Amino acid sequence: MSYTTTTTTTSLHSCFLLFCLLSALSCVSMFSGIETGDLEKRDDLFPQILRDEAVARLYELGKVSDGKGYLERTFLSPASMRAIILIRKWMEDAGLRTWVDQMGNVHGRVDGANANAEALLIGSHMDTVVDAGMFDGSLGIVSAISALKAMHFNGKLEKLKRPVEVIAFSDEEGVRFQTTFLGSGAIAGILPGTTLEISDKRDVMIKDFLKENSIDITEESLLKLKYDPKSVWGYVEVHIEQGPVLEQVGFPLGVVKGIAGQTRLKVTVRGSQGHAGTVPMSMRQDPMAAAAEQIVVLESLCKHPEEFLSYDAHCSDSTVKSLSSSLVCTVGEISTWPSASNVIPGQVTYTVDIRAIDDLGREAVIYDLSKQIYQICDKRSVSCIIEHKHDAGAVICDSDLSSQLKSATYSALKKMEGDIQDEVPTLMSGAGHDAMAISHLTKVGMLFVRCRGGISHSPQEHVLDNDVWAAGLATLSFLENLS
(Lines give C-alpha, C1' and ligand atoms only; values in the text may rest on other atoms or scores of the structure.)
Protein backbone atom coordinates (compact mmCIF):
# COMPACT_ATOMS: atom_id res chain seq x y z
CA MET A 1 0.00 0.00 0.00
CA SER A 2 1.66 3.11 -1.19
CA TYR A 3 0.84 6.14 -3.27
CA THR A 4 4.03 8.22 -3.25
CA THR A 5 6.06 8.98 -6.34
CA THR A 6 9.71 8.77 -5.41
CA THR A 7 12.73 10.63 -6.65
CA THR A 8 15.38 9.17 -4.39
CA THR A 9 14.87 6.01 -2.40
CA THR A 10 16.85 4.44 0.41
CA SER A 11 15.09 1.19 1.22
CA LEU A 12 16.27 -0.71 4.26
CA HIS A 13 14.24 -3.89 3.93
CA SER A 14 16.87 -6.53 4.58
CA CYS A 15 16.22 -6.83 8.33
CA PHE A 16 12.50 -7.25 7.85
CA LEU A 17 13.05 -9.80 5.08
CA LEU A 18 15.46 -11.72 7.33
CA PHE A 19 12.85 -11.81 10.09
CA CYS A 20 10.21 -13.19 7.72
CA LEU A 21 12.63 -15.75 6.34
CA LEU A 22 13.62 -16.92 9.81
CA SER A 23 9.93 -17.25 10.71
CA ALA A 24 9.30 -19.38 7.64
CA LEU A 25 12.54 -21.34 7.16
CA SER A 26 11.25 -24.32 9.09
CA CYS A 27 8.49 -24.49 6.47
CA VAL A 28 10.69 -24.85 3.36
CA SER A 29 8.72 -26.96 0.93
CA MET A 30 8.67 -28.17 -2.63
CA PHE A 31 5.48 -26.28 -3.55
CA SER A 32 7.17 -24.55 -6.48
CA GLY A 33 4.17 -25.52 -8.60
CA ILE A 34 1.29 -27.84 -7.82
CA GLU A 35 0.77 -30.60 -10.36
CA THR A 36 -2.86 -30.85 -11.38
CA GLY A 37 -2.85 -34.45 -12.67
CA ASP A 38 -6.23 -36.03 -11.88
CA LEU A 39 -7.18 -33.26 -9.46
CA GLU A 40 -9.54 -31.70 -12.01
CA LYS A 41 -11.79 -34.76 -11.73
CA ARG A 42 -12.33 -34.37 -7.99
CA ASP A 43 -15.61 -32.69 -7.11
CA ASP A 44 -14.36 -31.35 -3.76
CA LEU A 45 -11.64 -29.17 -5.36
CA PHE A 46 -13.90 -27.10 -7.66
CA PRO A 47 -11.16 -26.24 -10.20
CA GLN A 48 -13.64 -24.65 -12.59
CA ILE A 49 -14.85 -22.19 -9.93
CA LEU A 50 -11.84 -21.69 -7.66
CA ARG A 51 -9.17 -21.60 -10.39
CA ASP A 52 -10.43 -21.22 -13.96
CA GLU A 53 -13.28 -18.81 -13.30
CA ALA A 54 -11.42 -17.00 -10.50
CA VAL A 55 -8.39 -16.37 -12.71
CA ALA A 56 -10.63 -15.25 -15.60
CA ARG A 57 -12.38 -12.80 -13.25
CA LEU A 58 -9.08 -11.40 -12.02
CA TYR A 59 -8.03 -10.72 -15.60
CA GLU A 60 -11.44 -9.25 -16.41
CA LEU A 61 -11.30 -6.93 -13.40
CA GLY A 62 -7.71 -6.08 -14.31
CA LYS A 63 -8.98 -4.57 -17.57
CA VAL A 64 -11.39 -2.24 -15.79
CA SER A 65 -9.18 0.83 -15.77
CA ASP A 66 -9.21 4.60 -16.08
CA GLY A 67 -5.78 4.47 -17.73
CA LYS A 68 -5.09 3.60 -21.34
CA GLY A 69 -2.56 0.79 -21.55
CA TYR A 70 -2.11 0.51 -17.78
CA LEU A 71 -4.25 -0.30 -14.72
CA GLU A 72 -5.49 2.61 -12.62
CA ARG A 73 -8.72 2.40 -10.63
CA THR A 74 -9.01 4.97 -7.86
CA PHE A 75 -11.74 5.87 -5.38
CA LEU A 76 -15.13 6.01 -7.16
CA SER A 77 -13.56 6.83 -10.52
CA PRO A 78 -15.47 5.83 -13.69
CA ALA A 79 -13.54 2.54 -13.72
CA SER A 80 -14.43 1.92 -10.07
CA MET A 81 -18.10 2.44 -10.85
CA ARG A 82 -17.83 -0.20 -13.60
CA ALA A 83 -15.99 -2.50 -11.18
CA ILE A 84 -18.81 -2.11 -8.64
CA ILE A 85 -21.34 -3.35 -11.21
CA LEU A 86 -19.11 -6.30 -12.09
CA ILE A 87 -18.40 -7.31 -8.49
CA ARG A 88 -22.09 -7.09 -7.56
CA LYS A 89 -22.92 -9.39 -10.47
CA TRP A 90 -20.35 -11.94 -9.26
CA MET A 91 -21.68 -11.71 -5.69
CA GLU A 92 -25.25 -12.30 -6.85
CA ASP A 93 -24.04 -15.22 -8.98
CA ALA A 94 -22.72 -16.74 -5.73
CA GLY A 95 -26.14 -16.44 -4.08
CA LEU A 96 -25.41 -13.30 -2.06
CA ARG A 97 -27.68 -10.35 -1.31
CA THR A 98 -25.86 -7.18 -2.41
CA TRP A 99 -25.78 -3.43 -1.82
CA VAL A 100 -23.43 -0.45 -2.08
CA ASP A 101 -22.99 1.89 0.88
CA GLN A 102 -22.43 5.66 0.90
CA MET A 103 -18.63 5.31 0.74
CA GLY A 104 -18.80 3.07 -2.32
CA ASN A 105 -18.08 -0.22 -0.52
CA VAL A 106 -19.71 -3.22 -2.23
CA HIS A 107 -21.35 -5.72 0.14
CA GLY A 108 -22.55 -9.27 -0.52
CA ARG A 109 -24.13 -11.20 2.36
CA VAL A 110 -25.61 -14.58 3.11
CA ASP A 111 -27.34 -15.14 6.46
CA GLY A 112 -26.66 -18.87 6.68
CA ALA A 113 -28.50 -21.03 9.19
CA ASN A 114 -28.56 -18.36 11.92
CA ALA A 115 -29.23 -14.81 10.68
CA ASN A 116 -28.93 -13.41 14.23
CA ALA A 117 -25.44 -14.74 14.88
CA GLU A 118 -22.37 -12.51 14.71
CA ALA A 119 -21.20 -12.18 11.12
CA LEU A 120 -17.86 -13.03 9.57
CA LEU A 121 -16.59 -10.22 7.33
CA ILE A 122 -14.23 -11.21 4.53
CA GLY A 123 -12.79 -9.21 1.65
CA SER A 124 -10.21 -6.70 0.47
CA HIS A 125 -9.98 -3.52 -1.61
CA MET A 126 -10.99 -2.92 -5.23
CA ASP A 127 -9.02 0.29 -5.81
CA THR A 128 -5.46 0.30 -7.20
CA VAL A 129 -2.36 2.43 -7.39
CA VAL A 130 -1.35 4.00 -10.71
CA ASP A 131 0.18 1.49 -13.16
CA ALA A 132 -0.90 -1.33 -10.86
CA GLY A 133 -0.88 -5.10 -10.93
CA MET A 134 -4.17 -6.98 -11.17
CA PHE A 135 -3.92 -9.11 -8.01
CA ASP A 136 -3.41 -6.57 -5.21
CA GLY A 137 -6.76 -6.36 -3.40
CA SER A 138 -8.73 -8.03 -6.17
CA LEU A 139 -7.46 -11.51 -5.25
CA GLY A 140 -9.02 -11.27 -1.79
CA ILE A 141 -12.39 -10.23 -3.21
CA VAL A 142 -12.46 -12.87 -5.94
CA SER A 143 -11.25 -15.68 -3.64
CA ALA A 144 -14.02 -14.97 -1.13
CA ILE A 145 -16.75 -14.80 -3.78
CA SER A 146 -15.47 -17.96 -5.49
CA ALA A 147 -15.41 -19.93 -2.22
CA LEU A 148 -18.99 -18.91 -1.44
CA LYS A 149 -20.04 -19.77 -5.01
CA ALA A 150 -18.60 -23.27 -4.51
CA MET A 151 -20.69 -23.59 -1.35
CA HIS A 152 -23.73 -22.33 -3.26
CA PHE A 153 -23.05 -24.91 -5.95
CA ASN A 154 -22.94 -27.83 -3.50
CA GLY A 155 -25.90 -26.63 -1.43
CA LYS A 156 -23.94 -25.64 1.68
CA LEU A 157 -24.38 -21.86 1.53
CA GLU A 158 -27.54 -21.75 3.63
CA LYS A 159 -26.00 -24.19 6.12
CA LEU A 160 -23.28 -21.75 7.22
CA LYS A 161 -23.33 -21.49 11.00
CA ARG A 162 -23.20 -17.70 10.94
CA PRO A 163 -23.76 -14.88 8.41
CA VAL A 164 -20.89 -14.22 6.03
CA GLU A 165 -20.44 -10.84 4.37
CA VAL A 166 -17.99 -10.16 1.56
CA ILE A 167 -16.90 -6.52 1.31
CA ALA A 168 -15.03 -4.98 -1.62
CA PHE A 169 -13.64 -1.83 0.00
CA SER A 170 -13.74 1.31 -2.15
CA ASP A 171 -10.43 2.87 -1.14
CA GLU A 172 -7.40 1.43 0.62
CA GLU A 173 -4.52 2.87 -1.40
CA GLY A 174 -5.43 6.54 -0.88
CA VAL A 175 -4.27 7.66 -4.32
CA ARG A 176 -6.73 10.46 -5.05
CA PHE A 177 -7.27 12.02 -1.62
CA GLN A 178 -3.92 11.01 -0.07
CA THR A 179 -5.66 9.34 2.86
CA THR A 180 -5.87 5.58 3.25
CA PHE A 181 -8.69 3.25 4.35
CA LEU A 182 -11.63 5.43 3.32
CA GLY A 183 -13.66 2.28 2.69
CA SER A 184 -12.73 0.02 5.61
CA GLY A 185 -12.26 3.00 7.92
CA ALA A 186 -15.92 3.94 7.48
CA ILE A 187 -17.02 0.40 8.37
CA ALA A 188 -14.69 0.33 11.39
CA GLY A 189 -15.85 3.77 12.52
CA ILE A 190 -12.39 5.30 12.66
CA LEU A 191 -13.02 8.12 10.15
CA PRO A 192 -13.88 11.45 11.78
CA GLY A 193 -16.70 13.47 10.24
CA THR A 194 -14.16 15.98 8.98
CA THR A 195 -12.90 13.31 6.55
CA LEU A 196 -15.53 14.53 4.10
CA GLU A 197 -13.75 17.91 3.98
CA ILE A 198 -10.48 16.41 2.69
CA SER A 199 -9.60 17.72 -0.78
CA ASP A 200 -7.68 16.27 -3.70
CA LYS A 201 -5.03 18.13 -5.72
CA ARG A 202 -7.78 19.94 -7.63
CA ASP A 203 -9.37 21.12 -4.36
CA VAL A 204 -12.39 18.84 -4.83
CA MET A 205 -13.64 17.68 -1.44
CA ILE A 206 -14.66 14.07 -0.78
CA LYS A 207 -18.27 15.06 -0.02
CA ASP A 208 -18.54 16.99 -3.30
CA PHE A 209 -16.96 14.14 -5.24
CA LEU A 210 -19.45 11.70 -3.71
CA LYS A 211 -22.29 14.04 -4.66
CA GLU A 212 -21.01 14.03 -8.25
CA ASN A 213 -21.52 10.26 -8.13
CA SER A 214 -25.10 10.67 -6.84
CA ILE A 215 -24.09 9.85 -3.26
CA ASP A 216 -25.35 12.48 -0.83
CA ILE A 217 -23.50 11.98 2.45
CA THR A 218 -23.28 14.02 5.66
CA GLU A 219 -21.05 13.71 8.71
CA GLU A 220 -23.94 12.04 10.52
CA SER A 221 -24.55 9.45 7.79
CA LEU A 222 -20.79 8.75 7.53
CA LEU A 223 -20.67 7.90 11.23
CA LYS A 224 -23.71 5.63 10.80
CA LEU A 225 -21.75 3.43 8.39
CA LYS A 226 -19.87 2.01 11.37
CA TYR A 227 -20.80 -1.59 12.15
CA ASP A 228 -21.88 -2.51 15.65
CA PRO A 229 -18.98 -4.51 17.12
CA LYS A 230 -21.53 -6.83 18.75
CA SER A 231 -22.81 -7.84 15.31
CA VAL A 232 -19.39 -8.88 13.96
CA TRP A 233 -17.55 -12.12 14.77
CA GLY A 234 -14.30 -11.42 12.96
CA TYR A 235 -12.63 -10.36 9.72
CA VAL A 236 -10.48 -12.39 7.34
CA GLU A 237 -8.48 -11.04 4.39
CA VAL A 238 -6.72 -12.97 1.65
CA HIS A 239 -3.98 -10.88 0.00
CA ILE A 240 -0.90 -11.31 -2.12
CA GLU A 241 2.21 -11.26 0.01
CA GLN A 242 3.82 -8.32 -1.83
CA GLY A 243 7.16 -9.75 -0.76
CA PRO A 244 9.50 -12.62 -1.65
CA VAL A 245 9.35 -14.86 1.44
CA LEU A 246 6.76 -17.43 0.34
CA GLU A 247 8.48 -17.84 -3.01
CA GLN A 248 11.81 -18.17 -1.21
CA VAL A 249 10.54 -20.99 1.03
CA GLY A 250 8.57 -22.62 -1.79
CA PHE A 251 5.07 -22.41 -0.29
CA PRO A 252 1.95 -21.00 -2.01
CA LEU A 253 0.21 -19.74 1.14
CA GLY A 254 1.24 -18.36 4.51
CA VAL A 255 -0.55 -17.16 7.64
CA VAL A 256 0.08 -13.58 8.79
CA LYS A 257 1.06 -13.08 12.44
CA GLY A 258 0.78 -9.31 12.42
CA ILE A 259 1.04 -6.05 10.49
CA ALA A 260 3.84 -3.60 11.23
CA GLY A 261 3.08 -0.22 12.74
CA GLN A 262 4.08 2.78 10.66
CA THR A 263 5.22 6.36 11.16
CA ARG A 264 5.78 8.91 8.40
CA LEU A 265 7.88 11.99 9.03
CA LYS A 266 8.61 15.07 6.95
CA VAL A 267 11.98 16.64 7.71
CA THR A 268 12.78 20.19 6.56
CA VAL A 269 16.38 21.43 6.80
CA ARG A 270 17.05 25.15 6.19
CA GLY A 271 20.46 26.68 5.67
CA SER A 272 22.10 29.58 3.86
CA GLN A 273 21.53 29.70 0.10
CA GLY A 274 24.58 30.82 -1.86
CA HIS A 275 26.76 30.72 -4.96
CA ALA A 276 28.34 27.31 -5.57
CA GLY A 277 31.64 28.87 -6.65
CA THR A 278 32.21 31.69 -4.20
CA VAL A 279 31.30 30.44 -0.71
CA PRO A 280 34.25 28.65 0.96
CA MET A 281 33.51 25.14 2.24
CA SER A 282 34.38 26.13 5.80
CA MET A 283 31.80 28.92 5.78
CA ARG A 284 28.85 27.04 4.36
CA GLN A 285 25.56 26.31 6.11
CA ASP A 286 24.55 23.63 3.63
CA PRO A 287 21.21 21.89 4.29
CA MET A 288 21.96 19.26 1.64
CA ALA A 289 25.08 18.06 3.44
CA ALA A 290 23.18 18.03 6.73
CA ALA A 291 20.30 16.03 5.19
CA ALA A 292 22.74 13.57 3.65
CA GLU A 293 24.39 12.95 7.02
CA GLN A 294 21.00 12.53 8.67
CA ILE A 295 19.91 9.96 6.08
CA VAL A 296 23.09 7.94 6.61
CA VAL A 297 22.49 8.04 10.38
CA LEU A 298 18.94 6.82 9.75
CA GLU A 299 20.31 3.90 7.76
CA SER A 300 22.76 2.95 10.51
CA LEU A 301 20.14 3.29 13.24
CA CYS A 302 17.65 1.06 11.40
CA LYS A 303 20.24 -1.54 10.46
CA HIS A 304 21.72 -1.73 13.95
CA PRO A 305 19.21 -0.34 16.50
CA GLU A 306 20.97 -2.18 19.32
CA GLU A 307 23.98 0.10 18.85
CA PHE A 308 21.94 3.30 19.26
CA LEU A 309 19.07 2.68 21.65
CA SER A 310 19.54 2.72 25.42
CA TYR A 311 17.96 0.03 27.58
CA ASP A 312 15.41 1.38 30.06
CA ALA A 313 11.85 0.79 31.18
CA HIS A 314 10.54 1.86 27.76
CA CYS A 315 13.10 0.03 25.64
CA SER A 316 13.73 -3.47 26.93
CA ASP A 317 16.02 -6.16 25.62
CA SER A 318 13.07 -7.92 23.95
CA THR A 319 12.03 -4.68 22.24
CA VAL A 320 15.49 -4.15 20.77
CA LYS A 321 15.62 -7.77 19.61
CA SER A 322 12.25 -7.32 17.92
CA LEU A 323 13.51 -4.19 16.18
CA SER A 324 16.62 -5.99 15.00
CA SER A 325 14.44 -8.41 13.06
CA SER A 326 11.47 -6.28 11.94
CA LEU A 327 12.53 -2.62 11.68
CA VAL A 328 12.62 -1.07 8.20
CA CYS A 329 13.19 2.59 7.34
CA THR A 330 12.91 4.39 4.02
CA VAL A 331 13.63 7.83 2.64
CA GLY A 332 11.23 7.89 -0.29
CA GLU A 333 11.23 11.54 -1.34
CA ILE A 334 13.78 14.34 -1.29
CA SER A 335 13.51 17.83 -2.76
CA THR A 336 15.67 20.93 -2.73
CA TRP A 337 15.17 24.65 -3.22
CA PRO A 338 16.01 26.28 -5.58
CA SER A 339 17.32 23.03 -7.08
CA ALA A 340 20.00 24.43 -9.38
CA SER A 341 23.39 22.87 -10.04
CA ASN A 342 25.32 26.07 -9.32
CA VAL A 343 23.46 27.05 -6.13
CA ILE A 344 24.00 25.87 -2.56
CA PRO A 345 20.45 24.92 -1.55
CA GLY A 346 18.57 27.07 0.90
CA GLN A 347 16.24 24.29 1.91
CA VAL A 348 16.05 20.50 1.69
CA THR A 349 12.95 18.45 2.51
CA TYR A 350 12.76 14.69 2.75
CA THR A 351 10.36 12.03 4.00
CA VAL A 352 11.02 9.17 6.42
CA ASP A 353 8.92 5.99 6.60
CA ILE A 354 9.56 3.85 9.70
CA ARG A 355 7.88 0.47 10.24
CA ALA A 356 8.18 -2.13 13.00
CA ILE A 357 6.01 -4.72 14.69
CA ASP A 358 6.87 -3.32 18.16
CA ASP A 359 5.16 0.05 18.73
CA LEU A 360 7.30 0.99 21.75
CA GLY A 361 10.41 0.16 19.77
CA ARG A 362 9.23 2.27 16.84
CA GLU A 363 8.65 5.19 19.19
CA ALA A 364 12.14 4.71 20.66
CA VAL A 365 13.63 4.80 17.15
CA ILE A 366 11.74 8.00 16.32
CA TYR A 367 12.93 9.61 19.56
CA ASP A 368 16.57 8.69 18.95
CA LEU A 369 16.42 9.67 15.27
CA SER A 370 14.92 13.07 16.14
CA LYS A 371 17.67 13.67 18.68
CA GLN A 372 20.35 12.78 16.11
CA ILE A 373 18.76 15.00 13.45
CA TYR A 374 18.74 18.03 15.75
CA GLN A 375 22.34 17.36 16.82
CA ILE A 376 23.50 17.31 13.20
CA CYS A 377 21.61 20.54 12.52
CA ASP A 378 23.25 22.25 15.50
CA LYS A 379 26.69 21.01 14.45
CA ARG A 380 26.23 22.34 10.91
CA SER A 381 24.50 25.60 11.94
CA VAL A 382 21.30 24.87 10.04
CA SER A 383 17.73 24.62 11.32
CA CYS A 384 15.49 21.56 11.31
CA ILE A 385 11.77 20.94 11.55
CA ILE A 386 10.36 17.40 12.01
CA GLU A 387 6.67 16.93 11.25
CA HIS A 388 4.68 13.76 12.05
CA LYS A 389 2.48 13.07 9.03
CA HIS A 390 1.09 9.63 9.85
CA ASP A 391 1.05 7.16 12.73
CA ALA A 392 -0.56 3.73 12.75
CA GLY A 393 -0.06 1.17 15.47
CA ALA A 394 0.96 -2.41 14.78
CA VAL A 395 -1.79 -5.01 14.53
CA ILE A 396 -1.39 -8.52 15.90
CA CYS A 397 -3.65 -11.04 14.18
CA ASP A 398 -6.01 -13.05 16.37
CA SER A 399 -4.41 -16.34 17.40
CA ASP A 400 -7.60 -18.39 17.03
CA LEU A 401 -8.35 -17.02 13.57
CA SER A 402 -4.73 -17.60 12.56
CA SER A 403 -4.91 -21.17 13.80
CA GLN A 404 -8.10 -21.77 11.81
CA LEU A 405 -6.54 -20.25 8.70
CA LYS A 406 -3.48 -22.44 9.14
CA SER A 407 -5.67 -25.55 9.43
CA ALA A 408 -7.66 -24.50 6.36
CA THR A 409 -4.45 -23.95 4.41
CA TYR A 410 -3.09 -27.32 5.45
CA SER A 411 -6.36 -29.00 4.47
CA ALA A 412 -6.44 -27.30 1.07
CA LEU A 413 -2.83 -28.10 0.19
CA LYS A 414 -3.19 -31.67 1.41
CA LYS A 415 -6.13 -32.14 -0.97
CA MET A 416 -4.11 -30.70 -3.83
CA GLU A 417 -0.71 -32.20 -3.13
CA GLY A 418 -1.25 -35.22 -0.94
CA ASP A 419 0.57 -35.75 2.35
CA ILE A 420 2.11 -32.51 3.66
CA GLN A 421 5.12 -32.82 5.95
CA ASP A 422 5.95 -29.13 6.28
CA GLU A 423 4.42 -26.53 8.56
CA VAL A 424 2.40 -23.75 6.95
CA PRO A 425 4.65 -20.65 7.08
CA THR A 426 3.82 -17.76 9.38
CA LEU A 427 5.14 -14.30 8.58
CA MET A 428 4.76 -10.61 9.28
CA SER A 429 3.38 -7.97 6.93
CA GLY A 430 5.36 -4.82 6.39
CA ALA A 431 2.62 -3.34 4.20
CA GLY A 432 -0.64 -1.92 5.51
CA HIS A 433 -3.97 -3.62 4.72
CA ASP A 434 -7.68 -3.08 5.34
CA ALA A 435 -7.29 -5.49 8.25
CA MET A 436 -5.49 -2.66 10.08
CA ALA A 437 -8.62 -0.50 9.97
CA ILE A 438 -11.03 -3.35 10.69
CA SER A 439 -8.94 -4.36 13.75
CA HIS A 440 -10.54 -1.37 15.50
CA LEU A 441 -13.89 -3.13 15.03
CA THR A 442 -13.17 -6.84 15.54
CA LYS A 443 -10.50 -9.55 15.60
CA VAL A 444 -8.68 -10.05 12.31
CA GLY A 445 -6.81 -12.78 10.47
CA MET A 446 -4.91 -12.74 7.18
CA LEU A 447 -3.74 -15.26 4.61
CA PHE A 448 -0.91 -14.36 2.24
CA VAL A 449 -0.61 -15.77 -1.28
CA ARG A 450 2.74 -16.17 -3.04
CA CYS A 451 3.49 -13.68 -5.81
CA ARG A 452 6.26 -13.95 -8.37
CA GLY A 453 9.48 -12.25 -7.29
CA GLY A 454 7.64 -10.55 -4.44
CA ILE A 455 6.71 -7.84 -6.96
CA SER A 456 3.63 -5.72 -6.33
CA HIS A 457 2.28 -2.28 -7.32
CA SER A 458 3.57 -3.06 -10.80
CA PRO A 459 2.24 -4.56 -14.04
CA GLN A 460 4.76 -7.36 -13.37
CA GLU A 461 2.73 -8.46 -10.34
CA HIS A 462 1.74 -12.11 -10.89
CA VAL A 463 0.18 -15.05 -9.06
CA LEU A 464 0.22 -18.58 -10.46
CA ASP A 465 -3.17 -19.96 -11.49
CA ASN A 466 -2.78 -22.88 -9.11
CA ASP A 467 -1.88 -20.52 -6.26
CA VAL A 468 -5.16 -18.68 -6.93
CA TRP A 469 -6.80 -22.11 -6.71
CA ALA A 470 -5.02 -22.88 -3.43
CA ALA A 471 -6.17 -19.54 -1.97
CA GLY A 472 -9.77 -20.22 -2.97
CA LEU A 473 -9.67 -23.76 -1.63
CA ALA A 474 -8.21 -22.61 1.70
CA THR A 475 -10.92 -19.95 1.95
CA LEU A 476 -13.56 -22.60 1.22
CA SER A 477 -12.15 -24.91 3.90
CA PHE A 478 -12.13 -22.03 6.40
CA LEU A 479 -15.79 -21.19 5.65
CA GLU A 480 -16.92 -24.82 5.80
CA ASN A 481 -15.46 -25.16 9.29
CA LEU A 482 -16.75 -21.91 10.77
CA SER A 483 -17.73 -22.31 14.39
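The values are calculated or read from the model by the stated rules, or taken from the named source; none is laboratory data. These numbers come from a predicted model, not from an experiment. Note: ideal-geometry Cβ built from the backbone for every residue, glycine included; neighbour counts use all protein chains shown. Note: areas computed on protein heavy atoms with side chains; ligands, DNA, RNA excluded. Shrake-Rupley method; radii C 1.70, N 1.55, O 1.52, S 1.80 Å.
Set the Förster radius R0 to 30 Å, insert the Cβ-Cβ distance between residue 482 and residue 208 as r into 1/(1 + (r/R0)^6), and round the FRET efficiency to 0.05.
With a Förster radius of 30 Å, E is 0.15.
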Amide H of residue 232: which non-local residues (sequence gap of 5 or more, or other chain) have their own amide H closer than 5 Å, using H built in the peptide plane?
-> 119
The answer for residue 274, listing residues at least 5 apart or on another chain whose modeled amide H is closer than 5 Å to its amide H, is 344
5 angstrom amide H check on residue 128, placed H, neighbours 5+ away = 73, 74
Answer in debye to the nearest 20: the dipole magnitude of region 261-392 about its Cα centre, from +1 Lys/Arg and -1 Asp/Glu charges placed on Cβ, is 480
Do you know the relative contact order of region 261-392, to the nearest whole percent, from alpha carbon pairs under 8 angstrom that are 6+ apart?
-> 45
Give, as ranges by residue number, the residues of region 320-350 whose backbone N falls under 16 Å from the point 7 Å along Cα→Cβ of residue 282.
-> none
Points 7 angstrom from Cα along the Cβ direction at residue 300 and residue 343: gap in nanometres?
-> 3.2
Express in nm, to one decimal, how much length is gained between residue 218 and residue 86 on full extension, taking 0.36 nm for each residue of separation and deducting their alpha carbon distance.
-> 44.8 nm
When the Karplus curve 6.51 cos²θ - 1.76 cosθ + 1.60 is applied with θ = phi - 60°, which whole-Hz ³J(HN,Hα) does each residue of region 127-133 get, with x for Gly and Pro?
-> 7, 9, 7, 7, 6, 8, x
Each residue of region 65-75 in turn: what ³J(HN,Hα) in whole Hz from Karplus with 6.51, -1.76, 1.60 and θ = phi - 60°, glycine and Pro shown as x?
-> 9, 8, x, 9, x, 8, 8, 8, 9, 9, 3
³J(HN,Hα) across region 182-196 via Karplus (A = 6.51, B = -1.76, C = 1.60, θ = phi - 60°), whole Hz, x for Gly/Pro?
-> 4, x, 5, x, 5, 5, 6, x, 9, 8, x, x, 5, 4, 5
Sort 419, 434 from largest to smallest accessible area, using a 1.4 Å probe on the heavy atoms of the protein chains.
-> 419, 434
Only helical DSSP H runs with n ≥ 4 go in: add -39500 (n - 2.57) per run for the chain, normalise by residue count and round the 222 nm mean residue ellipticity to 500 deg cm²/dmol.
-> -10500 deg cm²/dmol
Taking every eigenvalue of the Cα gyration tensor of region 261-392, multiplying by 5 and rooting it, what semi-axes result, largest first, whole Å?
-> 31, 14, 11
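Only Lys, Arg, Asp and Glu count, each charged at its Cβ (+1, +1, -1, -1), so figure out the dipole size of the chain about its Cα centre, rounded to 20 debye.
Details: 44 positive and 62 negative charges, 91 e Å.
Using Cβ point charges on Lys, Arg, Asp and Glu, the chain gives about 440 debye.
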Simple label model, 7 Å out from Cα along Cβ direction - residue 414 to residue 386, nm | 5.1
Could you state how much accessible area residue 455 has, in square angstrom rounded to the nearest 10, with a 1.4 Å probe and all protein chains kept in place?
-> 70
By accessible area (1.4 Å), largest first, 380, 284, 202, 82 order as 202, 82, 380, 284
How large is log10 I(q)/I(0) at q = 0.11 Å⁻¹ when the Debye formula is applied to the Cα atoms of the chain, each weighted equally and without solvent?
-> -0.92
Report the accessible area of residue 410, computed with a 1.4 Å probe over the heavy atoms of all protein chains in place, in Å² rounded to the nearest 10.
-> 80
Largest first and rounded to whole Å, the semi-axes √(5λ) derived from the alpha carbon gyration tensor of region 348-480 read 41, 18, 13
Ranked order, 275, 390 - accessible area, probe 1.4 Å, largest first = 275, 390
Counting only backbone N atoms under 19 Å from a point 7 Å out along Cα-to-Cβ of residue 116, the residues of region 157-171 in range are 159-164
Can you pull the percent of Cα pairs in region 32-182 with separation above 18 Å?
-> 58
Exposure of residue 383 as accessible area (Å², to 10), given a probe of 1.4 Å and all protein chains | 60
Express the Stokes-Einstein translational diffusion coefficient of region 108-210 in µm² s⁻¹, to the nearest whole number, given a Kirkwood radius over alpha-carbon pairs, 37 °C and a viscosity of 0.692 mPa s.
-> 213
How high is the relative contact order of the chain, given as a whole-number percent (alpha carbon pairs under 8 Å, six or more residues apart)?
-> 25
State the antiparallel share, in %, of DSSP beta bridges confined to the chain, rounding to the nearest 5.
-> 70
